[in-house]
Amino acid sequence: MHRPQTLRLASYNIQKCVGLDLRRQPRRTLQVLSALGAQVVVLQEADKRLPPRPAALPHFVLNEAGWQIADLGGAGSLGWHGNAVIWQGSDIALRATAHHDLPGLEPRGAVRVEFDTPIGPLRVVGMHLGLLSASRRDQVVHLARDMDRLEAMPTVWAGDFNEWSRQPVLDHLAPMMRFLPPRPSFPSPQPLGALDRIAHSAGLAVTAHGVHADRPAHIASDHLPVWADLVAAD
């Protein structure tokens, strides 16, 4: 029986590589990333807080482990507004990168990275939405409008949505996206909130998704990574 080609995508708020033991250990974060088995990973809080916002997870640590990094324009940073996208595998090729400014009281932004992958063209949008519910709504609406202006392409949204409700509070604001059922990912030692979410557009289907809780994920960050296995769909 033929099995369709699958691509695993994950999202992980790495909390600047500072674990619950208050130790900054980038290689512990890398250990979690390696255990995910993902080809593409969207990161949040990937840079340190103060300007010039150097990478919390150093480039050379990722490169040594075989990860490639989307250049999102930050001098010395891993991403933009703390959002980064990394990938591994010679069968994935970078097409383009871009930024999306997001409305709200806090400075927030999203990143867009487009790939050629074994499952076809793929647009990945990484985000870390605001703490205020009104801001989150405005940010999702803003992104949905931005997506409407782009060339059609199978798309994934992934990131820390900061939304505690398990009801479809944000889902109806982006009707072109299907949000996967929420799974608790925060706080990592005893997850209660499904803050970390993945959504996909037409042209994609998900064969499995979950939360990665294997050690040392329980202590490497206050969030657990979430993942989804993607396949091309008609």
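The values are calculated or read from the model by the stated rules, or taken from the named source; none is laboratory data. Just so we're clear, the structure is a prediction, and the values are computed from it rather than from any experiment. Glycine also receives a Cβ, built like all others from the backbone with ideal geometry; neighbour counts cover every protein chain displayed.
Observations on the model:
- Selection status of Gly74, in contact with a Lys or Arg (Cβ under 7 Å, 6 or more places away or on another chain) and either small (Gly, Ala, Ser) or closer than 26 Å to Glu151 by Cα (or both): yes
- Some residue of the range 116-127 being touching a Lys or Arg at 6+ places or on another chain (Cβ under 9 Å) and surrounded by fewer than 21 Cβ atoms within 10 Å (Cβ to Cβ): yes
- Some residue of the range 59-74 being at pLDDT 95 or above, within 20 Å of Tyr12 (Cα to Cα) and part of a strand (DSSP E or B): yes
- Top-ranked residue of the range 135-173 - restricted to ones that are over 23 Å from Val40 (Cα atoms) and small (Gly, Ala, Ser), ranked as surrounded by the most Cβ atoms within 10 Å (Cβ to Cβ): Ser135
- Residue in the range 166-182 that is of a type outside the set (A, V, I, L, M), within 24 Å of Val18 (Cβ to Cβ) and part of a loop (DSSP other than H, G, I, E, B) present: no
- Here the condition is being under 22 Å from Leu30 (Cβ atoms), at pLDDT 95 or above and among the β-branched types (Val, Ile, Thr); of Val226, Val231, Val206, it holds for Val226 alone.
- If the condition is being in contact with a helix residue (DSSP H, G or I) (Cβ under 7 Å, 6 or more places away or on another chain), among the hydrophobic types (A, V, I, L, M, F, W, C) and assigned to a strand (DSSP E or B), then the range 19-41 contributes only Val41.
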